[in-house]
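Visitor: Could you have a look at this structure, given as C-alpha cells, before my questions?
Please treat every number below as a calculation from the coordinates, not as lab data. This structure is a prediction, so every number in the text was calculated from the model and none was measured. Heads up, the Cβs are rebuilt from the backbone with ideal geometry, glycines too, and the neighbour counts pull from every protein chain shown.
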Amino acid sequence: MSTIAAISTAPGIGGIGIIRMSGKECFSILEKIFVPINKTQREIKGYTIKYGHIIEPKTKEKIDEVLVSYFKAPKSYTVEDMCEINSHGSTIIVQRILELCLENGAIIAEPGEFTKRAFLNGRIDLSQAESVIDIINAKTEKESKVAMKQLDGFLSKEIQKIRKKLLSLMADIEATIDYPEYDIEEVTNNKILNELKQVKKELEQLEKSFENGKIIKDGIKMAIIGKPNVGKSSLMNALLKEERAIVTEYEGTTRDTIEEFIQIEGIPFKLIDTAGIRKASDEVEKIGIHKAKEIAKECDLIIAMFDAHRELDEEDKEIIDIIRDKNAILVWNKIDLIPNMESEFKSIILDKPNINISAKNKKGIEKLYQTIAEMYKINEITVDNAALVTNVRHKNSIQRAEQSLKRAINCIEENTPIDMISIYIKEILENLGEITGENVTEDIIKEIFSKFCLGK
C-alpha cells in the first residue's frame, strides 16, 4: 500500500499541529524533510521521539522546530511504519509540512484511512474501528465510556463467544452427516436445540441493550413547544444555565429553532426551542410555526408549555392535541404571578406529568430534570456490567441473526433433516460476521470509514 499522510489535528490555530504518515516509505520520506538535532544515532527505534527541524529539502531552509514520534511496524496504530510530526499549530506551517510529505512521495490519506489500515491489517476488528469515531464524537462521559469499552473489544468478545458456539455446532452437524451409520442425529439435534436456545437468549439480550445504547449515543431529542410568550426561551435559558435564547415581552420573538445539547445524569438531550404556535399573518413566522409542528412530530419528548395565570384558549388546545399521543411533559409557567400557587398544580391535563415552574425565577427546574430522568429510567442505564449495542448497523445484523436462529430452531422442532439446519446456522454466522468484519462487503467498509475525519 502507498504511504499516506494527513493533518490529524482540528483545523484552526492551536498550540500544536500533528501531521501523520503511515506506510513503507514513511521513514525515507521523513529523512528528506527532517533534520534531527542528534544526528549520531542513525537507527530508527519505535516508541521514540526525536527533536529537530523540518526543512525545505532543496534550500535547507528551516520551516519549523518539531518533535517527531516514531512507530515501527508491526507495533503501530496501522501495523505499518508510522510517524507523527508535532509542529507549532500555525495553519500555514502545518499545511506546508503536509505539502512537503506529499511532494516527497506520500499521498493524501482518505477520511479514516489510518483506522481502516488498522482494521485491514488485523489489529482491530470492524466494531472496534467504528468505536474510534464514537470516541471522537462522544458528547458525554457515559458515551465515551461505552465507546472505549467497544474499542477494548467488549462487544467483539461477546460476538466471538457466540460464533464459537455456533462453529462447534456446525462441527457436530458435519460429523452427523459424514457418519450416518452411528445414528447420532437425534442426540445431535437435542444438543443443537439447547445450544441455539441459549444463543437466542444472548442475542435477545444484546438487541435489548440497544434501547439504552441508543440513548447513551444519540441522546434524546426534546422540543419545547407552546404559544408565543409563555416562556419557552426562558425555560431553555434556565435549562442551559446561560442566556442562549432572546427573551422579550413581545410575542413571536423566536421565529426559527434554536438547538443546544444538555446533559441529564450523563445522558445527552438535544434541546430545541421553537417558534410560538398561533395563527400568524407574517409569512416568516408561519414558516417557523410549521417547523415547530414538524419537530414536535419527530422528537422523542415534548415539553409543552402553558401560561399558568391565564385560562386555556383554542391555541392551547391545539397544542394539547399535538402532544396527546406523544411522550410529553406539561409545564405550567409563571406561577410566580399567582399568589400562593407556587407548590400547587394549575391543572392536570392528560395522563402525563404536569409540573408547575417559574422559568424566570428558576423554580421547578430541578423537578423537571427529575421527571425527565424518571421517564427514561436514566438511573438504570449503566455502562459497566454488560456489552451495550449502540450502533444501528450492529442491531440490524443481530436482528437478522435472530430471524435465522428462529428458522433453525423451527427446523429442529419439525424434525427437518439436519443438513437443512446447517444452512441457517451459516446465515447466523454471516450476520454476526458483519459486525466484526469477517463477513462484510467493500461498500459497507467504505461507508463506515467515510464518516471519519481526515487524519484518523
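Visitor: Among 290-297, 414-421, how do they line up from the highest to the lowest mean number of other beta-carbon atoms within 10 Å?
Guide: Packing proxy ranking, top to bottom: 290-297, 414-421.
Visitor: Given the pairs 200/297; 139/395; 161/221; 149/241; 217/395; 116/201, which are separated by over 25 angstrom at their Cα positions?
Guide: Beyond 25 Å between Cα atoms: 200/297; 161/221; 149/241; 116/201.
Visitor: Here's a follow-up. Take the Cα radius of gyration of the stretch 4-109 and divide it by 2.2 N^0.38 Å, with N its residue count; two decimals is plenty.
Guide: So the stretch 4-109 has a normalised radius of gyration of 0.97.
Visitor: Follow-up. Scan around residue 124 for amide H atoms under 5 Å from its own, H built in the peptide plane at 1.01 Å from N, and keep only partners 5 or more places away or cross-chain.
Guide: HN-HN under 5 Å from residue 124: 119.
Visitor: Cβ neighbours within 10 Å, averaged per peptide: list 159-167, 92-100 in order, most packed at the top.
Guide: With the highest mean Cβ count within 10 Å placed first, the list reads 92-100, 159-167.
Visitor: Any chance you could run the full-extension gain for residue 174 through residue 442? It's 0.36 nm times the residue separation minus the Cα-Cα distance, nm to one decimal.
Guide: Contour length minus the Cα-Cα distance gives 93.4 nm.
Visitor: Still on this structure, please answer the following. log10 I(q)/I(0), Debye, Cα-only the chain, no solvent, q = 0.07, 0.09, 0.11, 0.13 Å⁻¹?
Guide: For the chain, the Cα-only Debye profile gives -0.58, -0.84, -0.99, -1.09.
Visitor: 5 Å is the cut-off here: which amide hydrogens, built 1.01 Å from N in the peptide plane, fall below it relative to residue 89, excluding neighbours closer than 5 in sequence?
Guide: So residue 89 has HN proximity to 14, 16, 17.
Visitor: In terms of modelled amide H atoms, which long-range or inter-chain residues lie less than 5 Å from the amide H of residue 221?
Guide: So residue 221 has HN proximity to 270, 300, 301.
Visitor: While we're looking at this one, here's another question. Quick one: 3J(HN,Hα) in Hz for the stretch 353-367, Karplus 6.51/-1.76/1.60 with θ = phi - 60°, rounded, Gly and Pro as x.
Guide: x, 10, 10, 8, 9, 10, 4, 5, 9, 6, 8, x, 5, 4, 5
Visitor: If you don't mind, there's one more thing I want to ask. At 7 Å along the Cα-to-beta-carbon direction for both residue 313 and residue 454, put a label point, then send me their distance in nm to one decimal.
Guide: Output for this residue pair reads 5.4 nm.
Visitor: Please give the calculated 222 nm ellipticity per residue for the chain, where each DSSP H segment of at least 4 residues contributes -39500 (n - 2.57) and the sum is spread over every residue; nearest 500 deg cm²/dmol?
Guide: -15000 deg cm²/dmol, from helical runs alone.
Visitor: Among 209, 234, 90, which comes first, then next, by fewest other beta-carbon atoms within 10 Å?
Guide: 90, 209, 234
Visitor: With loop defined by DSSP as not H, G, I, E or B, and exposure as at most 13 other Cβ atoms within 10 Å, which is the longest segment of the chain clear of exposed chymotrypsin sites (Phe, Trp or Tyr not before Pro)?
Guide: Counting at most 13 other Cβ atoms within 10 Å as exposed, the longest clean stretch of the chain is 251-456.
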